[in-house]
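The structure appears right after this line, and notes come after that.
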């Protein structure tokens, strides 16, 4: 077995473990009940599918969105979208403060894509608080990456570009 295969399998195992943990946790955050904080509350027109985001990021001529991971630091360090930045977990006030600081000098019309990938879409505690924060700050071009299952199966295993570490 190659080192890259073992590393990939290690990443998949960690991602699977995080997904299993999330399925046992209520999808509650600072915005109330699971219904209000469910990722399903994000309007469909503000979602982007993994294949579409991959095309946008691969386009050499197009403007690139600011891609921010709003999940856990552990998940980000294991594997994240190449070129994305860790912006703090959206389910925690410290993460929201970090996100707010990151976008403070960003133009309000800049295209921003948020993603997490810790859990199945309906259980993610991070994307809705981050999405609502950016809306409240006046950002007009916010998209959220629709990750149905978890980042490992919906991005990494599809062969889309990833980076590891900080």
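What is the distance, in nm, between label points placed 7 Å from the Cα along the Cα-to-Cβ direction at residue 153 and at residue 97?
Taking the simple label geometry, residue 153 and residue 97 are separated by 3.6 nm.
Given a Förster radius of 25 Å and the C-beta distance between residue 108 and residue 47 as r, what FRET efficiency does 1/(1 + (r/R0)^6) yield to the nearest 0.05?
Rounded to the nearest 0.05, the efficiency is 0.75.
Please give the length that would be gained between residue 135 and residue 63 if that part of the chain were fully extended, namely 0.36 nm times their separation in residues minus their C-alpha to C-alpha distance (nm, one decimal).
Additional length available on full extension: 23.8 nm.
Gap in Å between the Cα centre of the stretch 103-149 and the Cα centre of the stretch 48-88?
Taking the Cα centre of the stretch 103-149 as reference, the centre of the stretch 48-88 is 11 Å away.
Sorted by average packing, counted as other Cβ atoms within 10 angstrom per residue and highest first, what order do 117-123, 101-107 take?
By packing density, highest mean first, the sequence is 117-123, 101-107.
Readers should treat all values here as calculations from the given coordinates under stated rules, not as data from a laboratory. As the structure is a prediction and not an experimental result, all values here were calculated from the model. With ideal geometry, Cβ positions are generated from the backbone for all residues, glycine too; neighbour counts draw on all protein chains shown.
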